[in-house]
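A quick write-up on the structure given underneath.
The values are calculated or read from the model by the stated rules, or taken from the named source; none is laboratory data. The structure presented is a predicted model; accordingly, all values stated were derived computationally and were not measured. With ideal geometry, Cβ positions are generated from the backbone for all residues, glycine too; neighbour counts draw on all protein chains shown. Ligands, DNA and RNA are stripped out before the accessible areas are found, and what is left, the full protein with its side chains, is counted by its heavy atoms. Shrake-Rupley method; radii C 1.70, N 1.55, O 1.52, S 1.80 Å.
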Amino acid sequence: MKISFKLNGVPRSIDTEPGRNVQQLLQSMGQVSVRNSDDHTGFSGSDTVLLDGRIVSAGLLIAAQIDGRSVQTVASLSQGNGMSAVQSALVDAGVVQSAYNAPAAALAITDLLNRIPDPGREDIIDALGGLYIRDSGYEQYFTAVKLARQRLGDPEYSTRVSDEFRPDLREVGKARRKVDGPKLVTGQKAFVEDRVEPGSCVLKMLRSPHAHAYIHAIDVSAAEQIPGVLLVITHENCPDVYYTSAGQGAPEPSPHDRRMFGQKVRHVGDRVAAVVAETEEIALAALDAIKVEYEVLPAIFTIDAAQAENAPLVHNSRISFMSGAPDDLDEQNQGCDPRDGQVIYPFPIHGYPHRNIAASVSGGIGDIQTGFDEADVVLERSYTTKQVHCTPCENHTVYTKMDGDRLIIHASTQVPWHLRRIVAKVLGIRENRIRVIKERVGGGYGSKQDILLEEVCAYATWKTGRPVFFQYTREEEFIATSTRHPMRVGVKLGAKKDGQLTAVYMKVEANTGPYGNHSLTVPMNACSKSLPLFLCDNFSFDVTTYYSNIFPTGAYQGYGAPQGSFALQTAMAELAQTLHMDHFDLIEKNRVRQGVMLEILRCLGEGREGVPARVESCGLDEALTLGREMIGYGTKEESGDTDHIKTGQGVVIVQQGSGLPGLDQANANITMLSDGTFMVYSGGADLGTGLDTLCVKIAAETLCCDMDLIAIISGDTDTTPFDTGAYASSGTYFSGNAALKAAQDLKRQILEAASGMLDEPLERLTLAYPGIVQGESGQLSYQEIAHALERGDGGGQITGRATYTTEDAAIPYGAHFCQVDVDTRTGEIKIKKYYALQDCGTPINPELAEGQVYGGVLKSIGHTLWEQMHTDQEGHCLNPDLRDYGVPMIGDLPESFKVKLVQTDDPFGPYGGKSVAEISTNGAAPVIAIAVHDAVGIWLRDWPFTPEKVLRALGKIET
Amino acid sequence: MIDNFLKPETVSSATALKKEHGAAACYFGGGTLINNPSNGIDCRTAIDLSRLDLDRIHVEDNGLRIGARVTFQDVIDNPQVPEALKRAAAFLVSRQTRNMATIGGNIAARRTDSYLLPCLTALGARVQTAELGEVPMEDYLSESGPALILDVVIPNTRGRCDVRRFNRQFAGPAVMSAAMNMVMEDGKVIAAALAMGGVSPGAIRLSKIERQIMDGTLSTPEGIAQAVAQEVSPAADLLGSIDFKKHIGGILAADCFRTCFLEEA
């Protein structure tokens, strides 16, 4: 069928199938910003375009429908390299973060302002109701619309979009335009899928329909015969290498318990075979042609089932150790089944796969029993959490190709160097044969800390020599990536009558699912990011992680801390009730404070012995005082014009870390260019959080120049130096400190060069804005210095270099306050107020930091109230789509939602900065549980808190 | 995938094409249901309705006639449309989809969580089809054949209509929904129509409860909540148990009653 339409005002005629999806059609015509993140179900709005001037979802259109009509994409909003008023407002308000849907947001807001020049809050919610944003929540969009409205009248209009900090500094602590913001909001090529070249092959995965089974036989001959099929990979022809998908520092504290393809499948959706073909249609046809005979095994899905005597073994594998093998290893390995493959522990983490235990750890300080003996009150509770998903807007995606004898991997990853290391190991090649280019990441949240598809695609390219593209569907996202571990957390507290804690015990049981990636560290974090919030002489914890046949788990923003925080913070509130104390007072009596020594950290290392740390900065004093005032703690106003609405309030304190001292490392180089500008080469992996902007800002601050004198390349294993990656809240602290130290090193070299040129001693020279060296005898511009260095008689181009490692901890803290209305007739919990007061040291990018907190809080509100992966009795996912899974949309925002950054000056952080994003996921579950109890007197100890659970607890429907 | 996209100029040629192509063909309005792969609709030949002049809303002597291709957003934007129906259309929170989805498509889909059907049923809407002529909504919904919807007629009604939908989330699927239309005279209910969604495909009319409201047997929100909870039989699913859904259905109906009663009184 020939169709004619206008594309951004230009008449176009093409021959196409009438049923061709318009989102795919437009992408094929170069409109890369029209994206698909919902399998064309019209939920997430990534595919937003204007059709005859009205916003629609291109993914719900077919080609025949646009015949004779006008289609506008984001490219219609701006000209040249500029941004429209709406686009610049989005960037400046701080909402262009991972930005997969930023072009769609620009179109939707442009449409709104065309219809309603002065929109109210409800109009904005209506305009953005079909847009899914995971990174920054939605709250700052109201600011963006307001800013856009002003700029439509006055293009130069500017206003303060967030609090600013550190008046002694020019750039740090001030809102500045995100360095990659214009590129992202205008829909330029930025993501992995934008790099795919015409003629590339497609990889598709055959996945297991069974939760637990041996592959008895697999016949791929018919698939291989299909013209256009290049390669079929199964357990019979894949590399015989065991590894962990976890992108953690090597040696990883995770068992190497997976092979590219195994003879055993361990969850519905586990890999069975990969097909590489010329087109997607051929690949899908080949998947249908593969014949598999399964020997189905009994499956286990719960911690209780995994613990049961004679439970089916998820890994009845041969166990070995790279170091520290136990004496009874041969005994352990008796009876293992070769079809299960191997489990290789890099070092002992108390894993016993033949008891379904992937990892375990115990520890403590003081004498826990004495602590309980001394207590006037002992309280023991258990809390459970369900499996929830990261749901990034951008599905997992990779594109691999050869460049001569080198393998190029365009990746959407948090860990470029771990990715290179693991791919090299699996393929059996050296790391210098691989280049990983981290593209812009359309949302990671932990799920892109694992190597989940890259090694298969890389192998396909290595074997075939062809470029190969592999992108998950949304359903694959749910069943074959990584999720938050379901946990059962027992808490036992001992306290004196006055509330003084005498003993704190946590028992964490976690369900890791089919593989043990992060099986030690995530569950342990439930303790290590919860216990140090309170001061007590006697702490103890036991952590055990079980294998099962649920969908894979792994890293997710918060990394175990949300579950631990839910349990411990709620238990503290329950203790306050038992003691007839105000919960706030109980927190104040026992909480951590600046200057204390955290001895508990001695037993909370990540796979190594921990190090006690002194709390050098802690903003809890101000956070608690300010938050209490903001919400009117203890003086809640009843919303009720009806008697069935009950109001309650709550408060909790939260913490996280800033990277992993003693384990992480970041590197950065900064080079002076010929005209006196600078190039930053950072190993850091910016996931949209603003890490690149942070590095540029720190360099500009240190080098006394404007940010636009500094450009940055990051996360490319060929062109930038090593960095462990963006996880464990490491970006600001590690990558930021590396940039700072590289800038300081370069500053020293600039001064040395100037010293020679001005013939003045170093100590008389200073750097000064806007990029000069000031001496007593005169001054030099950076351009003059660069020119002199690069002359035939010059000293050569200068580069500041830095490696950042540390044993010092920079711990972020926060206090979250919440007010809810509980409808006692329907069980609905409405969040009326949510105030997150966050101490991230110096907020280096304040508007982006606020967005990170809004996003983190909203994710955790989602987990607390709505989100849950449901499975049937055979382990199939019943809701593998965003709508039925229950992600929050703009209409789910708290009525009053505020983030307040509480500044402290951490001595170890770059310009006093600490981490900010992960910590914000730790408060919602406990603070909502506490507020609900305050409202209606029930304790909710199992997330999500559904209306049905509320009604049952209230006795409104039969239990 | 649709590989044949036909654009008839008249209703008769549209029905003729349907007859010619049989089960492989589907009437094609906005396409949001047919083009959505999660609905699993196997349609090889699309009979596009865009040239049949079905996208108008106009007032007639006996009511408001809404063309089958009128979109949800057009329903919301049109000043002639009853407020309750506008509110029902706004339950679909994605403006992108509201600009595409049509009233005819929503009726034809007979979804259990339909946005519009409870409201249209409570309003006493009639459906004009090419094959059946103009029939009451309940009769249309009880027909299994793929009749071509041309218009929906909302009769001129007195009284007050209210719609309710219980979602766990802003954009989430409906657990239950309800709509009630009530006419009162001299403090007495002389007409009541109560329709529920979430129970079975389409919407169900609760005639027994309507009669009890009119004869005064049921006169309180609490009584109606209890009666509805006993009357409806929703299925348990991810959204909740049977008991929960019955409970919520009762609450929604009671809230509709309260609104209608208070405003009419």
Checklist line | Selection count where residues are in a loop (DSSP other than H, G, I, E, B) and open to solvent by 10 Å² or more (accessible area, probe 1.4 Å), scope the range A:880-908 | finding: 9
Next item on the list: Could you run through the range B:1-31 and say how many residues are closer than 24 Å to B:ASN99 by Cβ and not small (Gly, Ala, Ser)?
Entry: 9
Next item on the list: Would you be able to say whether some residue in the range A:815-828 is within 14 Å of chain B (Cβ to nearest Cβ), in contact with a Leu (Cβ under 9 Å, 6 or more places away or on another chain), over 30 Å from A:PHE678 (Cβ atoms) and not hydroxyl-bearing (Ser, Thr, Tyr)?
Entry: yes
Next item on the list: Please indicate, with yes or no, whether at least one residue in the range A:777-791 is under 30 Å from A:ALA849 (Cα atoms), out of contact with any helix residue (DSSP H, G or I) (no Cβ under 9 Å at 6 or more places or on another chain) and surrounded by 16 or more Cβ atoms within 10 Å (Cβ to Cβ).
Entry: no
Next item on the list: Select from the range A:292-315 the residues that are over 31 Å from the mean Cα position of the chain (by Cα), assigned to a loop (DSSP other than H, G, I, E, B) and of a type outside the set (S, T, N, Q) and list them in ascending order.
Entry: A:LEU297, A:PRO298, A:ALA308, A:GLU309, A:ALA311, A:PRO312, A:LEU313
Notebook entry, point to check: Would you call B:SER142 among the polar types (S, T, N, Q) and farther than 30 Å from B:HIS21 by Cα?
Noted result: no
Checklist line | Meets criteria (away from chain B (no Cβ under 14 Å), in contact (Cβ under 8 Å) with a residue 40 or more places away in the chain, of a type in the set (Asp, Glu) and not in a loop (DSSP other than H, G, I, E, B)) for A:ASP92 | finding: yes
Next item on the list: Taking the residues in the range A:912-938 that are under 19 Å from A:SER162 (Cα atoms) and crowded, with 24+ Cβ neighbours inside 10 Å as candidates, determine which candidate is nearest to the chain's Cα centre (by Cα).
Entry: A:ALA917
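Please enumerate the residues belonging to the range B:1-18 that are away from chain A (no Cβ under 12 Å) and either open to solvent by less than 60 Å² (accessible area, probe 1.4 Å) or at pLDDT below 95 (or both).
Kept after step one, since they are away from chain A (no Cβ under 12 Å), are these residues of the range B:1-18: B:8-18.
Correct list: B:PRO8, B:VAL11, B:SER13, B:ALA14, B:THR15, B:ALA16, B:LEU17, B:LYS18.
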Next item on the list: May I ask you to say which residue of A:ASP718, A:ASP723, A:ASP759 is open to solvent by 60 Å² or more (accessible area, probe 1.4 Å), within 26 Å of A:GLN414 (Cα to Cα) and not hydrophobic (A, V, I, L, M, F, W, C)?
Entry: A:ASP718
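Within the range A:668-689, which residues are under 26 Å from A:GLY444 (Cβ atoms), open to solvent by less than 10 Å² (accessible area, probe 1.4 Å) and of a type outside the set (Gly, Ala, Ser)? Even if it seems obvious, please write down each step before you answer.
So in the range A:668-689, the residues under 26 Å from A:GLY444 (Cβ atoms) come out as A:668-670, A:679-689.
Now narrow it down to the ones that are open to solvent by less than 10 Å² (accessible area, probe 1.4 Å): A:668, A:670, A:680, A:682-686, A:688.
Residues satisfying the conditions are A:ILE670, A:VAL680, A:ASP686.
Against the condition in contact with a helix residue (DSSP H, G or I) (Cβ under 7 Å, 6 or more places away or on another chain), in a helix (DSSP H, G or I) and closer than 30 Å to A:SER221 by Cβ, how does A:ALA274 come out, does it pass?
Details: in contact with a helix residue (DSSP H, G or I) (Cβ under 7 Å, 6 or more places away or on another chain): yes; in a helix (DSSP H, G or I): no; closer than 30 Å to A:SER221 by Cβ: yes.
When the stated conditions are applied, A:ALA274 does not pass them.
Quick one: which residue in A:ASP111, A:ASP126, A:ASP118 is more than 25 Å from A:THR689 (Cβ to Cβ), over 30 Å from the mean Cα position of the chain (by Cα), among the acidic types (Asp, Glu) and assigned to a helix (DSSP H, G or I)? Explain how you work it out, then say what you get.
Details: A:ASP126 fails: over 30 Å from the mean Cα position of the chain (by Cα); A:ASP118 fails: assigned to a helix (DSSP H, G or I).
Going through A:ASP111, A:ASP126, A:ASP118 in turn, the sole match is A:ASP111.
Taking the stated definitions as given, is A:THR871 hydroxyl-bearing (Ser, Thr, Tyr), open to solvent by 10 Å² or more (accessible area, probe 1.4 Å) and within 14 Å of chain B (Cβ to nearest Cβ)? So that I can check it myself, show each step before the final result.
Working: hydroxyl-bearing (Ser, Thr, Tyr): yes; open to solvent by 10 Å² or more (accessible area, probe 1.4 Å): yes; within 14 Å of chain B (Cβ to nearest Cβ): yes.
Answer is yes for this residue.
Residue-by-condition table, conditions (1) under 23 Å from the mean Cα position of the chain (by Cα); (2) crowded, with 20+ Cβ neighbours inside 10 Å; (3) in a loop (DSSP other than H, G, I, E, B):
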position	(1), (2), (3)
A:ALA358	no, yes, no
A:GLY363	no, no, no
A:ASP373	no, no, no
A:GLU380	no, no, no
A:THR384	yes, no, no
A:ASN395	yes, yes, yes
A:THR413	yes, yes, yes
A:ARG420	yes, yes, no
A:ALA424	no, no, no
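What tally of residues in the range A:694-713 results from selecting those that are more than 18 Å from the chain's Cα centre (by Cα) and either polar (S, T, N, Q) or open to solvent by less than 20 Å² (accessible area, probe 1.4 Å) (or both)? Show your work before the answer.
Our first condition is that a residue be more than 18 Å from the chain's Cα centre (by Cα); within the range A:694-713, this holds for A:695-713.
Filter once more, keeping what is either polar (S, T, N, Q) or open to solvent by less than 20 Å² (accessible area, probe 1.4 Å) (or both): A:695-700, A:702-703, A:705, A:710.
Looking only at that region, the number is 10.
Within the range B:126-224, which strands (runs of 3 or more DSSP E) (wholly inside it) include 3 or more residues that are aliphatic (A, V, I, L, M) and within 14 Å of another protein chain (Cβ to nearest Cβ)? It would help to see each step written out before you state the result.
Numbers: elements: B:126-129, B:133-136, B:149-155, B:160-167, B:174-185, B:188-197.
Once the strands (runs of 3 or more DSSP E) in the range B:126-224 are filtered for at least 3 residues that are aliphatic (A, V, I, L, M) and within 14 Å of another protein chain (Cβ to nearest Cβ), what remains is B:174-185.
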Note to self: Being open to solvent by less than 30 Å² (accessible area, probe 1.4 Å), within 14 Å of chain A (Cβ to nearest Cβ) and over 15 Å from B:ALA147 (Cα atoms) is the requirement here; does B:VAL70 meet it?
What the structure shows: yes
Check: Looking at A:VAL34, A:VAL74, A:VAL56, which one is facing another protein chain (nearest Cβ under 10 Å) and either buried (at least 24 other Cβ atoms within 10 Å of the Cβ) or out of contact with any Lys or Arg (no Cβ under 8 Å at 6 or more places or on another chain) (or both)?
Finding: A:VAL56
Checklist line | Conditions (1) more than 14 Å from chain B (Cβ to nearest Cβ); (2) open to solvent by 40 Å² or more (accessible area, probe 1.4 Å); (3) free of Cβ contacts under 8 Å to residues at least 60 places away in the same chain: number failed by A:GLU17 | finding: (1)
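Within the range B:92-105, restricting attention to residues that are more than 12 Å from the chain's Cα centre (by Cα) and not β-branched (Val, Ile, Thr), which residue is nearest to the other protein chains (Cβ to nearest Cβ)? Walk me through how you get there before you give the answer.
Within the range B:92-105, the first condition is being more than 12 Å from the chain's Cα centre (by Cα), and the residues that meet it are B:92-101.
If we keep only those that are not β-branched (Val, Ile, Thr) too, we end up with B:92, B:94-96, B:98-101.
On the way: B:LEU92: 9, B:SER94: 3, B:ARG95: 6, B:GLN96: 4, B:ARG98: 8, B:ASN99: 4, B:MET100: 5, B:ALA101: 9 Å.
Step by step, filter the range B:92-105, then rank; the result is B:SER94.
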Margin query: For the range B:73-90, give me each residue that is open to solvent by less than 10 Å² (accessible area, probe 1.4 Å) and within 20 Å of B:ASN167 (Cα to Cα).
Written below: B:ALA84, B:LEU85, B:ALA88, B:ALA89
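Kindly indicate the residue of the range B:215-265 that is of a type in the set (S, T, N, Q) and farther than 13 Å from B:MET176 by Cα and also surrounded by the most Cβ atoms within 10 Å (Cβ to Cβ) among those meeting that condition.
B:THR259
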Next item on the list: Take the range A:20-31 and flag every residue that is open to solvent by less than 10 Å² (accessible area, probe 1.4 Å) and within 14 Å of chain B (Cβ to nearest Cβ).
Entry: A:VAL22, A:GLN23, A:LEU25
Item checked: Filtered residue count, the range A:519-552, keeping only those that are over 21 Å from A:HIS354 (Cα atoms) and in a strand (DSSP E or B) -> 4
Next item on the list: Output the number of the condition that A:GLY120 fails; it satisfies all remaining conditions of (1) within 25 Å of A:PRO11 (Cβ to Cβ); (2) away from chain B (no Cβ under 12 Å); (3) out of contact with any Gly (no Cβ under 7 Å at 6 or more places or on another chain); (4) surrounded by fewer than 23 Cβ atoms within 10 Å (Cβ to Cβ).
Entry: (1)
Checklist line | The listed residue being outside any helix (DSSP H, G or I), surrounded by 16 or more Cβ atoms within 10 Å (Cβ to Cβ) and among the charged types (D, E, K, R), out of B:ASP55, B:ASP42 | finding: B:ASP55
